[in-house]
Amino acid sequence: MDNGRKKRIAEEFMALVDVVAELRGPMGCPWDRQQDHRSLRRYLIEETYEVVEAIDQGSLDKLEEELGDVLLQVLLHSQIANEEGSFDIADVCRRIRMKLIRRHPHVFGGLEVSGVDEVLSNWEHIKSREPGKSEMDSAISGVPSSLPALMRASEISKKAARVGFEWPDLGGVLAKLKEEVSEVEESIASGDEGSIKHEIGDLLFAVVNLARWLKVDPEESLREMLERFRNRFEAIERHARSEGRHISDMTIEEMDAVWNSVKK
């Protein structure tokens, strides 16, 4: 990176840090001053999803804006911690910088790797031996329970596979999926609501494993499917309105006809 760009980044970053500190200062904004880590939690989640939406829309202008909003949350948390005497943004930057260097020996050290799979395997190996980690820690620990269930399932599935808890081939994954479908059918026949809930969870996890094998992000796949569903469903509503009706007045056959037309 050239010196001019380094200087610009440093200046803009420090200017933003100063603005956040002033917002939290004695003469700052009443709303910002009353926030704490817990009260800001929801905003970090919301801003993160807005970044995802900007990426999905392919809007670089919106992505630039939303990344700034996420960065603001990081700086607010760091400023609050600094006021409490815990850490500041410099500590946050140093910690992630050292972590990146430590976990990328193939970039910052002399280690040679054959590809992405070996990089990920080394990453997990290095993580398991970092300070604060215990030999008693599970190979699938470290996945936040606050993640959306589908995303969490995907991460747990990947971690389990990296230590060998894996089917030998895709056929085994597909067989497991069919097995789980059969077990859902059996639980439905039994009428046991607890069993139905249990088996549907197993089926969803089997689908997550299939997605991983096929290198498909299940969260992204479902998001795209929901967008397709929304577009097609709204087309049915528009069709109903064009005939002076409400969608609830249409028969399922009429809805299917419009749905299939839009799908084509």
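Data for the structure
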quantity	calculated
Subset of the stretch 42-83 (residues that are exposed (fewer than 15 other Cβ atoms within 10 Å of the Cβ) and either among the basic types (Lys, Arg) or not assigned by TED's automatic domain parsing to the domain that holds residue 95 (or both))	42
Residue among 8, 103, 24 that is in contact with a Phe, Trp or Tyr (Cβ under 7 Å, 6 or more places away or on another chain) and either over 29 Å from residue 147 (Cα atoms) or surrounded by 14 or more Cβ atoms within 10 Å (Cβ to Cβ) (or both)	103
Options 127, 99: the member that is assigned to a helix (DSSP H, G or I), basic (Lys, Arg) and not assigned by TED's automatic domain parsing to the domain that holds residue 31	127
Candidate set: the stretch 209-232, residues that are more than 17 Å from the chain's Cα centre (by Cα) and not hydrophobic (A, V, I, L, M, F, W, C); chosen: the one surrounded by the most Cβ atoms within 10 Å (Cβ to Cβ)	232
Residue check for residue 185: more than 25 Å from the chain's Cα centre (by Cα) and not in a loop (DSSP other than H, G, I, E, B)	yes
The stretch 150-182, residues that are touching a residue at least 12 places away in the same chain (Cβ under 8 Å), aliphatic (A, V, I, L, M) and assigned to a helix (DSSP H, G or I)	150, 151, 153, 156, 160, 161, 170, 173, 174, 177, 181
Any chance residue 44 is of a type outside the set (Gly, Ala, Ser), touching a helix residue (DSSP H, G or I) at 6+ places or on another chain (Cβ under 6 Å), under 22 Å from residue 146 (Cα atoms) and assigned to a helix (DSSP H, G or I)	yes
Set 137, 117, 91: member being of a type in the set (Asp, Glu), closer than 30 Å to residue 207 by Cα and surrounded by 12 or more Cβ atoms within 10 Å (Cβ to Cβ)	137
Residues satisfying the stated conditions in the stretch 1-41, i.e. among the β-branched types (Val, Ile, Thr) and either in contact with a helix residue (DSSP H, G or I) (Cβ under 9 Å, 6 or more places away or on another chain) or in the same structural domain as residue 146 (by TED's automatic domain parsing) (or both)	17, 19, 20
Which numbered condition residue 112 misses (of (1) at pLDDT below 95; (2) assigned to a helix (DSSP H, G or I))	(2)
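The values are calculated or read from the model by the stated rules, or taken from the named source; none is laboratory data. Just so we're clear, the structure is a prediction, and the values are computed from it rather than from any experiment. Glycine also receives a Cβ, built like all others from the backbone with ideal geometry; neighbour counts cover every protein chain displayed.
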